[in-house]
Amino acid sequence: GDRDMLLVSMRQAASISSDGEKSEFLRATASRYLANDDEQLRNAFFSVTNTISSDGEKHEVLNAVLPYAQRPIVLLAVLDAARQISSDGEKSELLVSILKRRAVTTPQLKEAFMKTTRTLSSDAEYRRVMEAMLES
C-alpha cells in the first residue's frame, strides 16, 4: 500500500505487452489506485488503462472501475477512456452499465457521457444507450 511503490508498480505495468495480463493487473489493483482521492495514483491507473488496445480488455477494466465512479473525476476518466473503444458493442455495454449505476449526476457528467455516446457509429447500439438513458 506504499504510495511510492504503487506508482513504481504502475509504471512497470505499462510495459506489460499482453493486454489480458495488463487488464488483470489493473482489475486486481483498482481499489488501491482509486479508493482514495489521490490524483497521481488515479492518473497513473488511467494512463496504463489507455495503453490497452483490446476493446474487450479495456471494457473489462473500465467496468471494474465503476464502483469508484460515484466520484465525478473517476467517471470523467472512465468516459474519456471509453471513447478509445472502437467496438460499438463493448462501448455501449459500458455506457449502459454506467446508466444503471445512476452515476451521471451533473451537467458536466451528462455532457461527457453524451460526447462518448456520440462516438458510437452503430445506430442500433446508439439506440440501445438512448433507450437505457430514458429508463434510468
> From the list 25, 46, which residue is of a type outside the set (Val, Ile, Thr), open to solvent by less than 20 Å² (accessible area, probe 1.4 Å), in contact with a helix residue (DSSP H, G or I) (Cβ under 8 Å, 6 or more places away or on another chain) and modelled with pLDDT of 95 or more?
Replying inline: 46
> Quick check, is residue 8 assigned to a helix (DSSP H, G or I), on the phi < 0 side of the Ramachandran plot, open to solvent by 20 Å² or more (accessible area, probe 1.4 Å) and not acidic (Asp, Glu)?
Replying inline: yes
> Among the numbered criteria (1) open to solvent by 80 Å² or more (accessible area, probe 1.4 Å); (2) part of a helix (DSSP H, G or I); (3) more than 20 Å from residue 136 (Cβ to Cβ); (4) at pLDDT 95 or above, which single criterion is violated by residue 108?
Replying inline: (3)
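A quick yes/no check of all residues on (1) among the β-branched types (Val, Ile, Thr); (2) touching a Ser or Thr at 6+ places or on another chain (Cβ under 7 Å); (3) over 20 Å from residue 102 (Cα atoms); (4) not in a helix (DSSP H, G or I):
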| site | (1), (2), (3), (4) |
| --- | --- |
| 20 | no, no, yes, no |
| 25 | no, no, yes, no |
| 28 | no, no, yes, no |
| 45 | no, no, yes, no |
| 52 | yes, yes, yes, yes |
| 56 | no, no, yes, no |
| 63 | no, yes, no, no |
| 67 | no, no, no, no |
| 74 | yes, no, no, no |
> Limited to the stretch 70-93, what total is found for residues that are open to solvent by less than 10 Å² (accessible area, probe 1.4 Å) and farther than 20 Å from residue 43 by Cβ?
Replying inline: 2
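The values are calculated or read from the model by the stated rules, or taken from the named source; none is laboratory data. Quantities reported herein were computed from a predicted structural model and do not represent experimental measurements. Cβ: placed from backbone, ideal geometry, glycine included. Neighbour counts: every protein chain shown. The area values use the complete protein model at the heavy-atom level, side chains included, leaving out ligands, DNA and RNA. Shrake-Rupley method; radii C 1.70, N 1.55, O 1.52, S 1.80 Å.
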